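Just below is one structure, and these are the notes that go with it.
Bear in mind that the values in this text are calculations on the coordinates, not laboratory data. This structure is a prediction, so every number in the text was calculated from the model and none was measured. Ideal geometry is used to build each Cβ from the backbone, glycine not excepted, and the neighbour counts take in all protein chains shown.
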Amino acid sequence: MVERNYDKSLWIKTTGIREWKDRSIHYNRCESTPYMALKELFKRYKLNKTDRLVDFGCGRGRVAFYVHNRFKIPVTGVEVHDTTFDEVLNNKASYRHRFQDIAAPIRFEYGLAEHYEIEPMDNKFYFFNPFSIKIFKKVVGNILHSVKRNRRTVDIILYYPMPEYKLYLKKSTSFKLINKIRVPEASDSREKFLIYRLKDLNMA
């Protein structure tokens with residue numbers, strides 16, 4: 001009921017779980033981050049007007065719409081499931097009809113996450129276990145290449161983090177864990193956010 005009420009306030013529909021019919025070994029099911037978890041995250045992690053968020057495996061767009069509505073910053077969602085992508089576009093039409101006054105763009109791209117071209121101003125990257133570690137490595141590699149071309153500090157936000165994701169960031173990249181945010185009253189200890197930062201030393 002809580003999830004549907006939040007959806008209603010944003011004029012979107014993001015509830016429900018969708019499994020892949022072919023049970024792809026590289027792509028995980030579509031499931032939205034709980035609104036109460038997002039509220040807890042952004043109590044302790046603030047976004048600024050200069051930030052730009054990319055949600056990989058955005059599903060029906062809950063995180064994208066929530067962030068866009070709350071922080072009024074540019075947001076991009078990337079989704080590869082045909083039906084889910086149609087749903088997020090329907091949500092965007094409804095959301096934009098209601099919130100025309102928010103100037104910041106919100107857009108959704110259809111395609112593989114590893115094919116998304118990281119924009120020079122993209123600096124916040126959100127993942128709720130959308131795909132295998134193989135694809136995650138490729139996406140992080142794209143982020144690192146972008147940072148080399150356009151120096152800036154970037155953050156990776158993991159919800160319900162997969163052990164493989166954590167190990168890769170710790171052992172194979174220069175990202176540093178800067179925050180761990182647990183979801184109150186969660187029954188599963190894995191229900192938390194981990195925030196990793198790659199700092200541009202020239203900005204220190």
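Could you identify which residue out of GLU87, GLU164, GLU114 has the top mean-square fluctuation in a GNM of the chain using Cα springs shorter than 10 Å?
So, out of GLU87, GLU164, GLU114, the one fluctuating most is GLU164.
Given R₀ = 30 Å, FRET efficiency for LYS46-HIS97 by Cβ-Cβ distance, to 0.05?
0.60
Which whole-number percent of Cα pairs in region 112-204 have a distance greater than 23 Å?
Details: 980 of 4278 pairs.
Of the Cα pairs, 23 percent sit more than 23 Å apart.
Report Rg (one decimal) and Dmax (nearest whole number) for region 65-134, counting Cα atoms only, units Å.
According to the Cα coordinates of region 65-134, Rg and Dmax are 12.8, 40 Å.
Averaging the inverse of every distinct alpha carbon separation and then flipping it gives the Kirkwood radius. What is it for the chain, in angstrom units?
Details: mean 1/r = 0.0578 Å⁻¹.
Every distinct Cα pair counted, the radius reaches 17.3 Å.
Who wins for biggest fluctuation among LEU167, LEU177, LEU112 in a Gaussian network model of the chain, springs between alpha carbons below 10 Å?
Greatest mean-square fluctuation among the candidates belongs to LEU167.
Given charges of +1 on the Cβ of Lys and Arg and -1 on the Cβ of Asp and Glu, with all other atoms neutral, how large is the dipole of region 46-135 about its Cα centre, in debye to the nearest 20? Intermediate values should be presented prior to the final figure.
On the way: 13 positive and 12 negative charges, 110 e Å.
Here region 46-135 has a charge dipole of around 540 debye.
Could you tell me the calculated FRET efficiency between THR83 and ILE133, based on Cβ-Cβ distance and R0 = 30 angstrom, to the nearest 0.05? Don't skip to the end; give the middle numbers.
Working: r = 25 Å, r/R0 = 0.84.
According to the calculation, E is roughly 0.75.
Under a crude label model (7 Å from the Cα following the beta-carbon direction), how far is GLU3 from ARG190 in nanometres?
Label at GLU3, label at ARG190, 1.7 nm between them.
Longer than 32 Å from Cα to Cα, which of LYS92/LYS134; LYS8/LYS171; LYS72/LYS171; LYS13/LYS171 are they? Say none if no pair is.
Numbers: LYS92/LYS134 30 Å; LYS8/LYS171 42 Å; LYS72/LYS171 35 Å; LYS13/LYS171 38 Å.
From LYS92/LYS134; LYS8/LYS171; LYS72/LYS171; LYS13/LYS171, over 32 Å: LYS8/LYS171; LYS72/LYS171; LYS13/LYS171.
With the contact rule set at Cα under 8 Å and sequence spacing of 6 or more, what percent relative contact order holds for region 54-152?
Answer for region 54-152 is 32 percent.
Got a sec? How would GLU109, GLU119 order by Cβ neighbour count within 10 Å, fewest to most? Don't skip to the answer; put the middle values down first.
On the way: GLU109 17, GLU119 13.
The fewest-first ordering by Cβ neighbours comes to GLU119, GLU109.
Only counting other Cβ atoms within 10 Å, I'd like THR76, THR173 sorted with the fewest neighbours first.
The most exposed by this proxy come first: THR173, THR76.
Find, among the chymotrypsin sites (Phe, Trp or Tyr not before Pro) in region 41-97, those assigned to loop by DSSP (not H, G, I, E, B) with at most 16 other beta-carbon atoms within 10 angstrom. Don't skip to the end; give the middle numbers.
On the way: sites: PHE42, TYR45, PHE56, PHE65, TYR66, PHE71, PHE85, TYR95; in loops: TYR45.
Sparse-neighbourhood loop chymotrypsin sites (Phe, Trp or Tyr not before Pro): TYR45.
Output the relative contact order of the chain, whole-number percent, from Cα pairs under 8 angstrom with separation of 6+ residues. All intermediate terms of the calculation are to be shown ahead of the outcome.
Values: 332 pairs, mean separation 38.0, N = 204.
Here the relative contact order equals 19 percent.
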